[in-house]
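Participant: Provided herewith is a single structure, encoded as structure tokens, for subsequent inquiry.
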Ligand code: HEM
Ligand SMILES: [Cu+2]
């Protein structure tokens, strides 16, 4: 053996007698690991939400762009539905449905990001980061946008792999993981939106 | 000599493994540093790209904070890609099979190895190095403090050195036992062949060098002087080194979180047949409980530092005195950092109990209560954070509840003490270095715990807060509780990890030396603190001169003891006598396989049939190895070797060297 990087030992050759732990734990481990990661992220978001209430209570300025916020919220919620459809499609081996739903999800995600970017530029004029509400606003929107972008990158990788023929009903963990993460990004917005716009 | 030889646990596989290591020539390392080199090169390219990009968009110079942040992120990605991320993750993203480093020579320690044993050693060696660097900073501080007035370092530099010392040591205490032994021992103790996510495990380790580089590189940007706690508003207005601190610690948080998730998932999903929760070795329980804390609250430290960073570069005003409030920082920070003290010390509890039962040759006293205590600490430790803020000006009505909750933690902590004492009680104590260290630990942590009560008590804390009393308290708990456990663990698992025995005489000498010198250093500081000496200042009134001179002198002796430790570890790892699979005659799974263990830990499937610590219980067996041949069902055998017999056996093996 040399120092060359070797293929990851996932399938075990049966030529020697050694015991190999069966890999049936892996799907369970993947799901559990992802959930733990999401719980961990929930803590990060709650730290930031707590900071918002601690510094500015439930104050908010009157000149928030409510219509735009409602629009991007709806867009993001739709993207979660299509993401869910993508996941179920691939589990039933429906490749076409999978690709289309995932494409819609990506599109919706990008529209959301566009809307948010526009909002941030507007916000900078009305309540810049120096103001108490502005601090919370930029912090929460920024944190969430960062997660949207990472989510989009994950979905994009899955999309490209999917177009190239990867994934199927027995090999769908990649899709499942990315979609679960996307749901989480959505869920986070469901808390952030009222915190910033409605309370 | 060991239970292996007459029990079915003795698989032919492990002996074969043992002898084969002697005959097989060691594989030669071929270009072992090339992965790290590639990482460094890509990190530099990443850094340059980040700088160029940020300046192209925003203008400014490479030392502007926003530029530093972008460059850091790019450099980090470049580094991870270079050391092996491209093969281990990148390939998968383009639909190819991932690859990892399987170098059989010592070169594997410098590559993206996914073997949890390699990763454990990587953590251990890295963190011991950081411990020594942090120790050097401590020596400089003690030299400065040896006499009143400004001496070798000026007051501003002193604050920077304190901060550097603090954060390096906190990092070692947080990641030391869990990173090194959590990784090395936990998968074996649960009968698994690796962690649940081996590649993420490797990724977590390779995030660690950038943390060290970021912290140690901070002096290039003026260093950071806001203490390891990085309290705002100072951390918002000090020099740019603070930005590197923030980035490094956020990265470090990621290391903790990924590592913790891995341990939790491994323990939940990969336990061997028959390894019920009630049979889990206590160290694994400790690592598991700690991970429950680490994977959640760590986000709060990251969150606090993100807010500081935003105040610095985006212009938000969370901590600006006119608009925001610095109390916010303290709340978020302590919501992590109080639990963090238990992240440091629960693995220590695990180590100490594990080796107490082995060297007392008795079952662990009150096993179930200890597990309950671990989980109780996990629960309680997230609701006591504000005991660090009694003098910060937070609402008065919060003081009482936080005092009472804090004092309630003494109950589970007390249970762990009682378990240790109950295990030692009338045990056939076998005095080996780990046990001697454990006695030092017992004494130190007792003092640390008792002095904590005075700090939790509002009336006394108002006087003691921010004095050397606090400094002495947390050194007794963290050094006494976590670092002593790290050292004890290093001796205890040394024969397993290296296959060789450390030098017992030097080991015991070190254990006594470090315990005595540590106490001589910190006992006088309680006195200084009670009399009002402030912490984190390089100068002090003449009244404290005596105590400080004494402490400084003792500290140098304490520092010197680590030379002995390092020498013993290094020399014995290369020249020590062969240790054999089970020199302590212990019973948990890691001792039933060869030393060092084979690549996949178990040559035959481990099956657990009993409790892990039934030392001296007739006919008890913790685990056996299933023969591939189903016709031969294993039979439990008696295991009751008296301590004296082993003592002799060990003495013999010791003589071979001298
Ligand atoms: C019975 C258990 C304990 C109690 C009641 C207790 C109580 C306290 C209190 C009230 C403080 C704040 C003092 C002040 O700043 O005025 C404190 C500080 C501290 N304690 Fe403990 N403690 C206990 C155990 C521990 C343990 C186990 C550790 C670490 C492994 C620890 C580490 C620390 C640290 C690091 C600080 C100082 C933080 C700083 O200001 O930099 N304590 N302790
Ligand atoms: Cu505390």
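Participant: 7 Å from Cα along Cα→Cβ at both residue B:394 and residue B:136: what's the point-to-point distance in nm?
Facilitator: Label-label distance for residue B:394 and residue B:136, simple model: 3.8 nm.
Participant: For the stretch B:116-198, compute the orientation-averaged projected area of the C-alpha convex hull (one quarter of its surface), in nm². Walk me through the intermediate numbers first.
Facilitator: Values: hull surface 24.7 nm².
Averaged projected hull area, Cα only: 6.2 nm².
Participant: Still on this structure: Hey, can you rank B:31-37, B:369-375 by average C-beta count inside 10 Å, highest first?
Facilitator: Details: B:31-37: 16.1, B:369-375: 19.3.
Per-residue mean Cβ counts within 10 Å order the peptides as B:369-375, B:31-37.
Participant: I'd like the mean, over residues of B:304-311, of how many other protein chain beta carbons sit within 10 Å of each residue's own Cβ. Intermediate results must be reported in sequence, preceding the final value.
Facilitator: On the way: counts 2, 0, 8, 6, 0, 0, 6, 3.
Other-chain Cβ atoms within 10 Å of each residue's Cβ, averaged: 3.
Participant: Taking 25 °C and 0.890 mPa s as the conditions, I'd like the Stokes-Einstein D for the stretch B:284-370 in µm²/s, using the Kirkwood hydrodynamic radius from alpha carbon pairs. Don't skip to the answer; put the middle values down first.
Facilitator: On the way: Rh = 15.4 Å.
This corresponds to a translational diffusion coefficient of 160 µm²/s.
Participant: Ok, one more. Which order do the peptides B:436-449, A:55-68, A:114-127 come out in when sorted by mean C-beta neighbours inside 10 angstrom, highest first?
Facilitator: B:436-449, A:114-127, A:55-68
Participant: In addition: Starting from the eigenvalues of the Cα gyration tensor, five times each then square-rooted, give me the equivalent ellipsoid semi-axes of chain B, largest first, whole Å.
Facilitator: Values: eigenvalues 326, 193, 108 Å².
Output for chain B: semi-axes of 40, 31, 23 Å.
Participant: On full extension of the chain, what length is gained from residue B:383 through residue B:557, given 0.36 nm per residue of separation minus the C-alpha to C-alpha distance?
Facilitator: Numbers: separation 174, 0.36 × 174 = 62.64 nm, distance 3.88 nm.
Extra length available between residue B:383 and residue B:557 comes to 58.8 nm.
Participant: Count, for each residue of B:313-320, the Cβ atoms from other chains sitting within 10 Å of its Cβ, then give me the mean as a whole number. Don't skip to the answer; put the middle values down first.
Facilitator: Values: counts 0, 8, 6, 13, 8, 9, 2, 3.
Averaged over the peptide's residues, the number is 6.
Participant: Shielding by partners for B:102-109, please: the mean number of other protein chain Cβ atoms within 10 Å of each residue's Cβ.
Facilitator: Values: counts 9, 6, 3, 3, 0, 2, 1, 0.
Shielding by partners across B:102-109 averages 3.
Participant: Now for a separate question. For chain A, calculate the relative contact order in percent as a whole number, restricting contacts to Cα pairs under 8 Å that are 6 or more residues apart. Could you put the intermediate results ahead of the total?
Facilitator: On the way: 158 pairs, mean separation 56.5, N = 199.
The normalised contact order for chain A reaches 28 percent.
Participant: Give me the tail of P(r) for the protein assembly as shown as a percent: Cα-Cα pairs with distance above 35 Å. The partial results should precede the final answer.
Facilitator: Numbers: 189488 of 366796 pairs.
The share of Cα pairs beyond 35 Å in the protein assembly as shown comes to 52 percent.
Participant: Can you bin the stretch B:527-612 into rounded, prolate or oblate? Criterion: square roots of the alpha carbon gyration tensor eigenvalues sorted a ≥ b ≥ c, rounded for a/c under 1.5, prolate for a/b above b/c, oblate for the rest. It would help to have the intermediate numbers written out before the result.
Facilitator: On the way: a/c = 4.55, a/b = 2.57, b/c = 1.77.
Note, shape of the stretch B:527-612 comes out prolate.
Participant: If a/c stays under 1.5 just call it rounded; otherwise compare a/b with b/c (prolate if a/b is bigger, oblate if not). Do that for chain A, with a ≥ b ≥ c from the square roots of the Cα gyration tensor eigenvalues.
Facilitator: Numbers: a/c = 2.82, a/b = 1.95, b/c = 1.45.
Verdict is prolate for chain A.
Participant: At a 10 angstrom cut-off on C-beta neighbours, averaged per residue, how do the peptides A:190-198, B:242-250 rank from highest to lowest?
Facilitator: Peptide ranking by packing, descending: B:242-250, A:190-198.
Participant: Out of A:168, A:103, A:33, any idea which swings most in a Gaussian network model of chain A, alpha carbons joined below 10 Å?
Facilitator: Per the Cα network of chain A with a 10 Å cutoff, A:33 tops the list.
Participant: Just want to confirm a number: the relative contact order over chain B, from Cα pairs under 8 angstrom separated by 6+ residues, in percent. Walk me through the numbers before you get to the answer.
Facilitator: Values: 1120 pairs, mean separation 104.6, N = 658.
So the answer I get is 16 percent.
Participant: Using a ≥ b ≥ c from the Cα gyration tensor of the stretch B:14-157 (square roots of the eigenvalues), is it rounded, prolate or oblate, where a/c under 1.5 gives rounded and otherwise the larger of a/b and b/c decides, a/b for prolate? Mind showing how you got there, number by number?
Facilitator: Numbers: a/c = 3.48, a/b = 1.22, b/c = 2.85.
Oblate.
Participant: To continue, here is another question. With viscosity set to 1.002 mPa s and temperature to 20 °C, compute the Stokes-Einstein D of the stretch B:189-306, Rh being the Kirkwood radius across alpha carbon pairs; µm²/s, no decimals. The partial results should precede the final answer.
Facilitator: Numbers: Rh = 15.9 Å.
Answer, rounded: 135 µm²/s.
Participant: Along Cα→Cβ, 7 Å out, is where each label goes; now give me the distance between the ones at residue B:534 and residue A:59 in nm to one decimal.
Facilitator: About 3.3 nm, to one decimal.
Participant: Can you compute the radius of gyration and Dmax for the stretch B:293-424, using only the Cα atoms, both in Å?
Facilitator: Spelled out, the Cα radius of gyration and Dmax of the stretch B:293-424 are 18.7, 63 Å.
Participant: Explain nothing, just the number: relative contact order of the stretch B:490-567, from Cα pairs under 8 Å at least 6 residues apart, as a whole percent.
Facilitator: Working: 50 pairs, mean separation 30.5, N = 78.
For the stretch B:490-567, the relative contact order is 39 percent.
None of the figures in this text is laboratory data; all of them are computed from the coordinates on show. Source: prediction; values computed, not measured. Every residue, glycine as well, gets a Cβ built from its backbone with ideal geometry; the counts of neighbours run over all protein chains shown.
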